[in-house]
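Participant: Dumping the structure here so I can ask a few things about it.
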2 protein chains.
Amino acid sequence: MHLFAGIDVGQSATKVALADEEGVLLARASGPAGDELGLGAASTRLRDAVESTLAAAVKRAGLPASARFTSLVVGISGFDRELQGRRPRIHARHLRYTHDAEIALAGAHAGAPGIVAIAGTGSVVRALARGGSEVRIGGHGYLFGDEGSAFGLARDSLRAAVLARDERRASGLLAALERHFGCTAAECVRGFYSGTIARAKLAGFAPALLAEAQRGERTARAIVHAHALALAAQIRAAARLARMRSPEVALLGGLAANATFERALRSALRGALPGARYRRPIYDAALGALLLAFTQAGITLREIAER
Amino acid sequence: MHLFAGIDVGQSATKVALADEEGVLLARASGPAGDELGLGAASTRLRDAVESTLAAAVKRAGLPASARFTSLVVGISGFDRELQGRRPRIHARHLRYTHDAEIALAGAHAGAPGIVAIAGTGSVVRALARGGSEVRIGGHGYLFGDEGSAFGLARDSLRAAVLARDERRASGLLAALERHFGCTAAECVRGFYSGTIARAKLAGFAPALLAEAQRGERTARAIVHAHALALAAQIRAAARLARMRSPEVALLGGLAANATFERALRSALRGALPGARYRRPIYDAALGALLLAFTQAGITLREIAER
């Protein structure tokens, strides 16, 4: 039996999907996070996560531990052209590592042309054009990008809050921030620079900001509006480059799952790209990686079937 | 003889000014940088810089090395309420460490009420109100502040440049950035995150950006305009809090010395605060610290006299 696998290595979990050559799903498994940004060349975080989760899936499928793969694709959060740490030991004829956004895109539209806007802690927009070419807009991280991301929203909130405090203006946003973190805005700023408040923790303020915006707090509304516009502009740019007038658009990531932000983004996108059609993702990113594993072996899979 | 001293500890040099009790300048000296941000409690960078530069000034004034001070004020770049490293060994009846913006403010207006906008790698606005109270607006660093600073300009340039490249738009700014750093915008982004391009080096792009703006490049003009407006708004807020309708405003720092940026800022400030009057700083920051040393000892000095 020819074996295929897709692996989604995220910042909170690693997910594996195994299938036979007919595209019948044999097993799925979930394991620890494996992203390696900043961990250095000796890190085994990715290797351990991939090997253990893959082994669990192989076992669950009733296969021997020595099973070899025909084709395997691994999508990694934060992947930038090469692995950061130790290479997982995988026996596969075809093996490729890629960015997690590529597998998310492949999954969301089941390999068909379309656009994904991934709005989580960070953000990025990707489009798959007819003909197979890919477009990426944004995704330049916490200082040069993150439009329409939880970190971007939280960063601009803190920025506005410290200015409000400097100017001695009453600010519902400032109060919400100090309540959320249990420190003054100035202490939050210091905490961030000194490393006691990590980026993910700062990004964790986004839901509270969105609640403030929902309640009508003016600065919060302005920040949410600006980020929705920026992300909508990136989606429009992706559609233009991929030559799609009425693309299917899937919104992915934790921030996109927030009803207030999704509403703001849809509203911004109605203005920016009236022809866009929303859809829920057809498959998740691990299944997207699995689809890409078939493509990589020269097989076009129409759908993934449950056993 | 009673001795007074002011010390300006900067990111590129340490400057000392010594005076007798009449406010007659006895000596000035310059030594190595002494800011300690992120260097930890064992750092002797500040101590070494202060002690050696002070000793040089004492010697130049023809005083014995054992000379003791009546009052001494040290302004330190990046100072945030407490010393980061080892405490300099100084014999002084009155001794105070403070932020470098406070001594710059005291120097610029010779201790009189007024406003300084310090626009260097970072930025901050400070006002001294009638009655002696101080106002600070901004100065929240590279992620939550830096409006109208070299880093802020460079950050927004890189942000715009990577988006232009993603969207495959021709961009004079993108070309200028890649020319300046000798790498693609994407490589610059990676270089910044990985630490091979330090913040000061990124900020070093600001003059090239201002030259692009001067030449009429649209995105460059928009970035300069937005930063000038933001800094002008902070100056207006400082004037409002200090209850000054037509304050004296001094523009300090490397970016403020750029003719293109100064023109943009003055234009923005004409709209924001029509009554503002510009002045060149009367004294530099070391002499500002010296004035504060007199104030600290209960002496109001009208002016500092050359010997």
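The values are calculated or read from the model by the stated rules, or taken from the named source; none is laboratory data. Just so you know, these numbers come straight off a predicted model, no measurement behind them. Please note: Cβ atoms are built from the backbone with ideal geometry, for glycine as well, and neighbour counts cover all protein chains shown.
Participant: Would it be correct to say that B:Leu163 is within 14 Å of another protein chain (Cβ to nearest Cβ), of a type outside the set (Asp, Glu), touching a strand residue (DSSP E or B) at 6+ places or on another chain (Cβ under 9 Å) and free of Cβ contacts under 8 Å to residues at least 60 places away in the same chain? If you could, list the steps in order and put the result at the bottom.
Facilitator: Working: within 14 Å of another protein chain (Cβ to nearest Cβ): yes; of a type outside the set (Asp, Glu): yes; touching a strand residue (DSSP E or B) at 6+ places or on another chain (Cβ under 9 Å): yes; free of Cβ contacts under 8 Å to residues at least 60 places away in the same chain: yes.
So B:Leu163 passes the test.
Participant: Those residues that are in contact with a helix residue (DSSP H, G or I) (Cβ under 9 Å, 6 or more places away or on another chain) and either among the hydroxyl-bearing types (Ser, Thr, Tyr) or not in a strand (DSSP E or B) (or both), I need them from segment A:1-18; list them, please. Walk me through it before giving the result.
Facilitator: Of all residues in segment A:1-18, those in contact with a helix residue (DSSP H, G or I) (Cβ under 9 Å, 6 or more places away or on another chain) come to A:3-11, A:13-18.
Within segment A:1-18, A:Gly10, A:Gln11, A:Ala13, A:Thr14 meet the criteria.
Participant: Then there's this: How many residues are more than 21 Å from A:Ala250 (Cα to Cα) and of a type in the set (D, E, K, R) when one looks only at segment A:83-142?
Facilitator: 5
Participant: Residues that are modelled with pLDDT of 95 or more and under 16 Å from A:Ala268 (Cβ atoms): does segment A:194-211 have at least one?
Facilitator: The answer is yes, given that some residue of segment A:194-211 is modelled with pLDDT of 95 or more and under 16 Å from A:Ala268 (Cβ atoms).
Participant: Where residues in segment A:86-138 are within 14 Å of chain B (Cβ to nearest Cβ) and touching a Gly at 6+ places or on another chain (Cβ under 6 Å), which of them is farthest from B:Arg199 (Cα to Cα)? Write out each step before concluding.
Facilitator: Within segment A:86-138, the first condition is being within 14 Å of chain B (Cβ to nearest Cβ), and the residues that meet it are A:99, A:101, A:115, A:117, A:122-127, A:129, A:133-138.
Subset that is touching a Gly at 6+ places or on another chain (Cβ under 6 Å): A:123-125, A:138.
Values: A:Ser123: 23, A:Val124: 24, A:Val125: 27, A:Gly138: 21 Å.
It comes out as A:Val125.
Participant: Please tell me if A:Ala117 is more than 19 Å from A:Ala13 (Cβ to Cβ), modelled with pLDDT of 95 or more, among the aliphatic types (A, V, I, L, M) and not in a helix (DSSP H, G or I).
Facilitator: Details: more than 19 Å from A:Ala13 (Cβ to Cβ): yes; modelled with pLDDT of 95 or more: yes; among the aliphatic types (A, V, I, L, M): yes; not in a helix (DSSP H, G or I): yes.
When the stated conditions are applied, A:Ala117 passes them.
Participant: Separate question: Within segment B:190-208, identify whether any single residue is facing chain A (nearest Cβ under 9 Å) and closer than 30 Å to B:Leu291 by Cα, and answer yes or no.
Facilitator: We begin by selecting, within segment B:190-208, every residue facing chain A (nearest Cβ under 9 Å); these are B:190, B:192-194.
Then keep just the ones that are closer than 30 Å to B:Leu291 by Cα; that gives none.
No, the conditions are met nowhere in segment B:190-208.
Participant: Kindly evaluate A:Gln234 against the criterion of being farther than 20 Å from A:Ala101 by Cβ, modelled with pLDDT of 95 or more and of a type outside the set (D, E, K, R).
Facilitator: Values: farther than 20 Å from A:Ala101 by Cβ: no; modelled with pLDDT of 95 or more: yes; of a type outside the set (D, E, K, R): yes.
So A:Gln234 fails the test.
Participant: Follow-up question, since we're still on this one. Out of B:Ala200, B:Ala164, which single residue is in contact with a Ser or Thr (Cβ under 7 Å, 6 or more places away or on another chain), on the phi < 0 side of the Ramachandran plot, in the same structural domain as B:Gly271 (by TED's automatic domain parsing) and surrounded by fewer than 18 Cβ atoms within 10 Å (Cβ to Cβ)?
Facilitator: Numbers: B:Ala164 fails: surrounded by fewer than 18 Cβ atoms within 10 Å (Cβ to Cβ).
From the options B:Ala200, B:Ala164, the qualifying one is B:Ala200.
Participant: I'm trying to understand the selection: among the residues of segment B:133-150, which are among the aliphatic types (A, V, I, L, M) and outside any helix (DSSP H, G or I)?
Facilitator: Scanning segment B:133-150 gives B:Val135, B:Ile137.
Participant: Here is a list: B:Leu269, B:Leu252, B:Leu290, B:Leu273. Which entry is touching a Phe, Trp or Tyr at 6+ places or on another chain (Cβ under 8 Å) and aliphatic (A, V, I, L, M)?
Facilitator: From the options B:Leu269, B:Leu252, B:Leu290, B:Leu273, the qualifying one is B:Leu290.
Participant: Please enumerate the residues belonging to segment B:219-259 that are among the hydroxyl-bearing types (Ser, Thr, Tyr) and surrounded by fewer than 20 Cβ atoms within 10 Å (Cβ to Cβ). Even if it seems obvious, please write down each step before you answer.
Facilitator: The initial filter retains those residues of segment B:219-259 that are among the hydroxyl-bearing types (Ser, Thr, Tyr), namely B:219, B:246.
Of everything in segment B:219-259, just one residue is among the hydroxyl-bearing types (Ser, Thr, Tyr) and surrounded by fewer than 20 Cβ atoms within 10 Å (Cβ to Cβ), namely B:Ser246.
Participant: Would you be able to tell me the number of residues in segment B:45-75 that are in a helix (DSSP H, G or I) and under 25 Å from the mean Cα position of the chain (by Cα)?
Facilitator: First pass over segment B:45-75, keeping only residues in a helix (DSSP H, G or I): B:45-60.
Within this subset, residues satisfying the condition of being under 25 Å from the mean Cα position of the chain (by Cα) are B:45-57.
Adding up the residues that qualify gives 13.
Participant: From (1) of a type in the set (Gly, Ala, Ser); (2) more than 25 Å from B:Phe192 (Cβ to Cβ); (3) within 13 Å of chain B (Cβ to nearest Cβ), pick out the condition that doesn't hold for A:Ala170.
Facilitator: (3)
Participant: Looking only at segment A:19-44, filter to residues that are among the hydrophobic types (A, V, I, L, M, F, W, C) and in a loop (DSSP other than H, G, I, E, B); which one of those is nearest to A:Ala57 (Cα to Cα)?
Facilitator: Checking each candidate, the answer is A:Ala33.
Participant: If we keep just the residues of segment A:139-156 that are more than 14 Å from the chain's Cα centre (by Cα) and more than 10 Å from chain B (Cβ to nearest Cβ), which is surrounded by the fewest Cβ atoms within 10 Å (Cβ to Cβ)?
Facilitator: Checked segment A:139-156; the qualifying residue surrounded by the fewest Cβ atoms within 10 Å (Cβ to Cβ) is A:Gly152.
Participant: Within segment A:228-262, restricting attention to residues that are within 14 Å of chain B (Cβ to nearest Cβ) and out of contact with any strand residue (DSSP E or B) (no Cβ under 8 Å at 6 or more places or on another chain), which residue is nearest to A:Leu273 (Cα to Cα)?
Facilitator: Going through segment A:228-262, the residues within 14 Å of chain B (Cβ to nearest Cβ) turn out to be A:229-243.
Then drop every residue that is not out of contact with any strand residue (DSSP E or B) (no Cβ under 8 Å at 6 or more places or on another chain), which leaves A:229-230, A:232-233, A:236, A:240, A:243.
Working: A:Leu229: 11, A:Ala230: 13, A:Ala232: 8, A:Ala233: 9, A:Arg236: 6, A:Arg240: 10, A:Arg243: 12 Å.
Here the answer is A:Arg236.
Participant: Which residue, of B:Gly78, B:Gly107, is of a type in the set (Gly, Ala, Ser) and part of a loop (DSSP other than H, G, I, E, B)? If you could, list the steps in order and put the result at the bottom.
Facilitator: On the way: B:Gly107 fails: part of a loop (DSSP other than H, G, I, E, B).
None of the other options fit; the residue is B:Gly78.
Participant: Something else: I'd like to know if segment A:174-181 contains one or more residues that are within 11 Å of chain B (Cβ to nearest Cβ), farther than 25 Å from B:Gly195 by Cβ and surrounded by fewer than 20 Cβ atoms within 10 Å (Cβ to Cβ).
Facilitator: Among the residues of segment A:174-181, not one is within 11 Å of chain B (Cβ to nearest Cβ), farther than 25 Å from B:Gly195 by Cβ and surrounded by fewer than 20 Cβ atoms within 10 Å (Cβ to Cβ), which makes the answer no.
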